[in-house]
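Trainee: Shown below is the structure under consideration.
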Amino acid sequence: MKKISLVLLSLLSLTACNGGGSSSSGGSTTYPQDPTNNLQSGFQCLPSDLPSLDSSSNSVKIAYGSNCLVGDVGSNPNKGPAIQSALESMAVALTNSSGYRYCTGTPLSYNPTTGIAYVLSAAHCVVGNAKPANQPVTANNITTFTNQRNYINQTLNAYDGSGTTGTITAIYIPQQYCQVPEFSYDPLSGSYSCGELTAQNGDLALLKVSIGVGKSLNVNSQVQLAPSSLSMASPSYIMALGYGYTNVAPNYSSNTSLYYITYEYFADNSYQGNTGQSVIMNGYSPYGSNAYYSIICRGDSGGGDFYWDGTHWNLVGAHSYGSNACGQASTSYPYVDPLTPGANDVSADVRPFTSQLQQIMAQDSTSSTGCNASVSGFVCAAP
């Protein structure tokens, strides 16, 4: 499995991008019809330049999104500045003090009077300490950003360091996240992560952010946490945003820009042999291709999956887990063997947690620092 974050200065294959090793194989593969739903006019951007089967683009941004750069939308005669502005307001980059962008998040609210904002990202982006097996997550497992990873930036291009900056002052995550396995330590990144798809179960992090003096945060008024009652047909088109693998070091060639993409929701919790809890199974399989494609890459972790209902962009998922290689193409959705590696994208399902997330934001709305909400099922840590 791969997770798609660049947790702690370096690359953590978590997101929402790791390899799909926890899936089962066997039986025949079936391929979906094309979705029949439509996204809001001007927001669709389908993957392009798809590779041959059982290969990978090795992309460091949203895969096959070369035509889906948010910064190019304003000059597109079929889209324009208003759509570009709307897309930019639906994502932020999570940035450490050295300037590395390691994850993505979705702005949910901002109060200019108090300076308090809330951003939804992924729990695996903010895990900071070991956890024994068969134990719930506690506040001690959450990083407090004492040394690193403590900003959000709202920007089209993370390279130049521009954009809205806020300081992360509190982090809430579901206690049920990664309950069965221990957190595994990655010596390269210096971070801990939950390595099992079946244990992800709530890979969400609600970040309280203090927006700096003279700064502001744009929040898209059409974005809402997806209600628990929201049901999507299988398959359905959804939209994803993410910064991919970003680094601001001089002459570094990796992506630094915000991308968006139209890909597909397939099922809740189980699809083609991949199984998880409180997850949505996504990817891309254009009808007639007899193939699946993984779309979400490292650094896209925590970025939003949005379902358009005709009035609102429902934030239904946060990028969490995926194939070993982002941009993987395969005849199979789950991993079967090295010759049939599987191509899948798995996101944390927001819907089971919408009510609790709303309660936290309502309770912790006046103080820009500290954990001031007490909501069953969530733990919080603050610097």
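Trainee: If you check residue 240 against the conditions, is it at pLDDT 95 or above and in contact with an Asp or Glu (Cβ under 6 Å, 6 or more places away or on another chain)?
Mentor: For residue 240, the condition - at pLDDT 95 or above and in contact with an Asp or Glu (Cβ under 6 Å, 6 or more places away or on another chain) - is met.
Trainee: May I pose another question? Can you report the number of residues in region 165-224 which are crowded, with 19+ Cβ neighbours inside 10 Å, closer than 15 Å to residue 111 by Cβ and of a type in the set (S, T, N, Q)?
Mentor: 1
Trainee: Only one of these is exposed (fewer than 14 other Cβ atoms within 10 Å of the Cβ) and modelled with pLDDT under 90: 97, 41. Name it.
Mentor: 97
Trainee: Still on this structure, please answer the following. Please note which strands (runs of 3 or more DSSP E) are completely contained in region 276-379 and include at least 3 residues that are in contact with a Phe, Trp or Tyr (Cβ under 6 Å, 6 or more places away or on another chain).
Mentor: 313-322
Trainee: Further question on the same structure: If a residue has to be in contact with a Ser or Thr (Cβ under 7 Å, 6 or more places away or on another chain), under 22 Å from residue 203 (Cα atoms) and among the polar types (S, T, N, Q) to count, how many in region 324-354 make the cut?
Mentor: Matching residues across region 324-354 total 3.
Trainee: Also: Identify the residue in region 333-366 that is surrounded by fewer than 23 Cβ atoms within 10 Å (Cβ to Cβ) and modelled with pLDDT under 95 and, among all such residues, is farthest from residue 209 (Cα to Cα).
Mentor: Checked region 333-366; the qualifying residue farthest from residue 209 (Cα to Cα) is 339.
Trainee: Condition first: outside any loop (DSSP other than H, G, I, E, B), hydroxyl-bearing (Ser, Thr, Tyr), under 21 Å from residue 263 (Cβ atoms) and under 21 Å from the mean Cα position of the chain (by Cα). Now tell me which residues in region 55-106 satisfy that.
Mentor: Once the filter is applied, which keeps residues that are outside any loop (DSSP other than H, G, I, E, B), hydroxyl-bearing (Ser, Thr, Tyr), under 21 Å from residue 263 (Cβ atoms) and under 21 Å from the mean Cα position of the chain (by Cα), region 55-106 yields 104, 106.
Trainee: Out of all the residues in region 303-324, is one or more of a type in the set (A, V, I, L, M), touching a residue at least 24 places away in the same chain (Cβ under 8 Å), out of contact with any helix residue (DSSP H, G or I) (no Cβ under 7 Å at 6 or more places or on another chain) and closer than 20 Å to residue 357 by Cα?
Mentor: Yes, some residue in region 303-324 is of a type in the set (A, V, I, L, M), touching a residue at least 24 places away in the same chain (Cβ under 8 Å), out of contact with any helix residue (DSSP H, G or I) (no Cβ under 7 Å at 6 or more places or on another chain) and closer than 20 Å to residue 357 by Cα.
Trainee: Filter region 264-297 down to the residues that are among the hydroxyl-bearing types (Ser, Thr, Tyr) and out of contact with any Asp or Glu (no Cβ under 7 Å at 6 or more places or on another chain), then identify the one that is modelled with the lowest pLDDT.
Mentor: So the residue we want is 275.
Trainee: Filter region 179-232 down to the residues that are assigned to a strand (DSSP E or B), closer than 28 Å to residue 334 by Cα and modelled with pLDDT of 85 or more and list them by number.
Mentor: Correct list: 205 only.
Trainee: While we're on this one: Do we have residue 150 as on the phi < 0 side of the Ramachandran plot and either loosely packed, with under 15 Cβ neighbours inside 10 Å or of a type outside the set (Asp, Glu) (or both) here?
Mentor: So residue 150 passes the test.
Trainee: What single numbered condition from (1) part of a loop (DSSP other than H, G, I, E, B); (2) modelled with pLDDT of 90 or more fails to hold for residue 51?
Mentor: Only one criterion is unmet by residue 51, namely (2).
Trainee: A further question follows. When you go through 364, 349, 309, 300 one by one, which is the residue that is closer than 27 Å to residue 119 by Cα and either in contact with a His (Cβ under 8 Å, 6 or more places away or on another chain) or among the aliphatic types (A, V, I, L, M) (or both)?
Mentor: Only one candidate passes the filter, namely 300.
Trainee: So which residues in region 50-96 are within 19 Å of residue 342 (Cα to Cα) and among the polar types (S, T, N, Q), if there are any at all?
Mentor: Within region 50-96, 52, 55, 56, 57, 58, 59 qualify.
The values are calculated or read from the model by the stated rules, or taken from the named source; none is laboratory data. What you see is a predicted model; the values in this text were computed from it and never measured. Cβ: placed from backbone, ideal geometry, glycine included. Neighbour counts: every protein chain shown.
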